[in-house]
Amino acid sequence: MSRKILVIVSEHGYWAEELIGPVSKFDERGYEVVFATPTGKRPHALPPSLDANYIDPPLGRSVTTEENARLGREFEQSSRLDTPLDIEAWAPERPYTSDEGYLRKLEGYHRDLEKLEADIAGYDALLIVGGSGPIVDLANNERVHALILAFKNAGKVVAAECYGVACLAFARDWGDRKSIIWGKHVTGHCKEYDYKDGTGFLGTDFNMGPPPYPLEYILRDATGPRGAYHGNFGHPLSVIVDYPFVTGRSTPDSYLTGQKIVEVLEDGLTRYGW
């Protein structure tokens, strides 16, 4: 059966393996892959993710093989990312309460949400690619949240990697404001793997020290007492499936994340890794 996957990528830098890993699994199955970015600009890989000689500070070794560096460069040079969907033009944003004609605009917003639900009917899953870029333009992006909620409410697969998992923690219904991963089991970039300095982004001169928030702490709080965050520090891989969510911890988990999305779609997998 043909499948269609929406892949959301940051305009401020994605980690190459975290895109090519899952997408390669989708390509193997003949899935249609549609890319989207916050404003429709072409995304680009973070340079260290294309360099097999780059030493990851927390691990003290390279996290990119020569093969994945080559595949990442080939993907960058291809035309596959040239014309992504523009999320800003597609998904609605709630108006300010101070806006003139607020009530009419709020009604229009809810009509647009209904249209968005119809728009995503042909998709089977959503994937948010990781890297440092999502910290800037995806994690607290209300339009991205609207897409996530539309997929989740339709019972479709919602997947994220690394710092892209922050989007799931912050995607919340405006009524109860509770995270959609409340009571769920997830993984994501753990504290031990965070940089102490040099967290960088594309398209800006801003180069910060550590990430602005520890993702692990956010996920521990967002999942609540009946859910759990699984960092699996020291384990080679960490991918968690708690339907409809599939989450991957970091770069080495990218291919397995893609494989588990395939297994959820084709084999009915609902739980894995916990």
Legend entry - Number of positions in the range 1-42 that are within 19 Å of E88 (Cα to Cα) and in a loop (DSSP other than H, G, I, E, B): 10
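Results for (1) among the basic types (K, R); (2) within 18 Å of the chain's Cα centre (by Cα), shown as yes or no for each residue.
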position	(1), (2)
T37	no, yes
P43	no, yes
L71	no, no
E88	no, yes
Y102	no, no
R111	yes, no
Legend entry - the range 72-97 residues that are within 15 Å of R143 (Cα to Cα) and small (G, A, S), paired with ones that are open to solvent by less than 60 Å² (accessible area, probe 1.4 Å) and in a loop (DSSP other than H, G, I, E, B) (beta carbon under 8 Å, 6 or more apart): A89/G40
Legend entry - Conditions (1) open to solvent by 30 Å² or more (accessible area, probe 1.4 Å); (2) in contact (Cβ under 8 Å) with a residue 12 or more places away in the chain; (3) within 19 Å of the chain's Cα centre (by Cα): number failed by D27: (2)
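In this structure, does E216 turn out to be surrounded by fewer than 20 Cβ atoms within 10 Å (Cβ to Cβ) and farther than 16 Å from L127 by Cβ?
So E216 fails the test.
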Inset, instruction - With the condition kept exactly as written, say whether any residue in the range 115-138 is assigned to a helix (DSSP H, G or I), of a type in the set (G, A, S) and surrounded by 14 or more Cβ atoms within 10 Å (Cβ to Cβ). - result: yes
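Do we find a residue being of a type in the set (G, A, S) and open to solvent by less than 60 Å² (accessible area, probe 1.4 Å) anywhere in the range 87-98? Outline the logic, then answer.
Narrowing the range 87-98 to residues of a type in the set (G, A, S): 89, 91, 98.
Cutting the leftovers down to open to solvent by less than 60 Å² (accessible area, probe 1.4 Å) gives us 91.
Among the residues of the range 87-98, at least one is of a type in the set (G, A, S) and open to solvent by less than 60 Å² (accessible area, probe 1.4 Å), which makes the answer yes.
Kindly evaluate A160 against the criterion of being over 12 Å from the mean Cα position of the chain (by Cα) and open to solvent by less than 40 Å² (accessible area, probe 1.4 Å). First the steps, then the outcome.
On the way: over 12 Å from the mean Cα position of the chain (by Cα): no; open to solvent by less than 40 Å² (accessible area, probe 1.4 Å): yes.
For A160, the condition - over 12 Å from the mean Cα position of the chain (by Cα) and open to solvent by less than 40 Å² (accessible area, probe 1.4 Å) - is not met.
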Legend entry - Of all residues making up the range 227-273, the number that are of a type in the set (S, T, N, Q) and farther than 13 Å from G188 by Cα: 2
Inset, instruction - State the number of residues belonging to the range 43-62 that are touching a strand residue (DSSP E or B) at 6+ places or on another chain (Cβ under 9 Å), in a loop (DSSP other than H, G, I, E, B) and surrounded by 13 or more Cβ atoms within 10 Å (Cβ to Cβ). - result: 6
Legend entry - Checklist (1) modelled with pLDDT under 95; (2) hydroxyl-bearing (S, T, Y); (3) closer than 14 Å to Y229 by Cα applied to Y195, failing item: (3)
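Would you say E11 is open to solvent by less than 20 Å² (accessible area, probe 1.4 Å) and either under 17 Å from G164 (Cβ atoms) or at pLDDT 95 or above (or both)? Before you say what the answer is, go through the steps one by one.
Numbers: open to solvent by less than 20 Å² (accessible area, probe 1.4 Å): no; either under 17 Å from G164 (Cβ atoms) or at pLDDT 95 or above (or both): yes.
No.
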Inset, instruction - Only residues in the range 229-243 that are closer than 19 Å to V158 by Cα and among the acidic types (D, E) count as the first member; pair them with residues that are part of a loop (DSSP other than H, G, I, E, B) and open to solvent by 40 Å² or more (accessible area, probe 1.4 Å), Cβ under 9 angstrom, at least 6 apart or cross-chain, and list the lot. - result: D242/K184; D242/T270; D242/G273; D242/W274
Inset, instruction - Report whether or not R111 is of a type outside the set (S, T, N, Q) and either in a strand (DSSP E or B) or surrounded by fewer than 15 Cβ atoms within 10 Å (Cβ to Cβ) (or both). - result: yes
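The values are calculated or read from the model by the stated rules, or taken from the named source; none is laboratory data. Owing to the predicted nature of the structure, the values given are computational and were not obtained by experimental measurement. In this analysis, Cβ positions are derived from the backbone assuming ideal geometry, glycine residues included, and neighbour counts consider all displayed protein chains. Heads up: the accessible areas ignore ligands, DNA and RNA and are worked out on the full protein's heavy atoms, side chains in. Shrake-Rupley method; radii C 1.70, N 1.55, O 1.52, S 1.80 Å.
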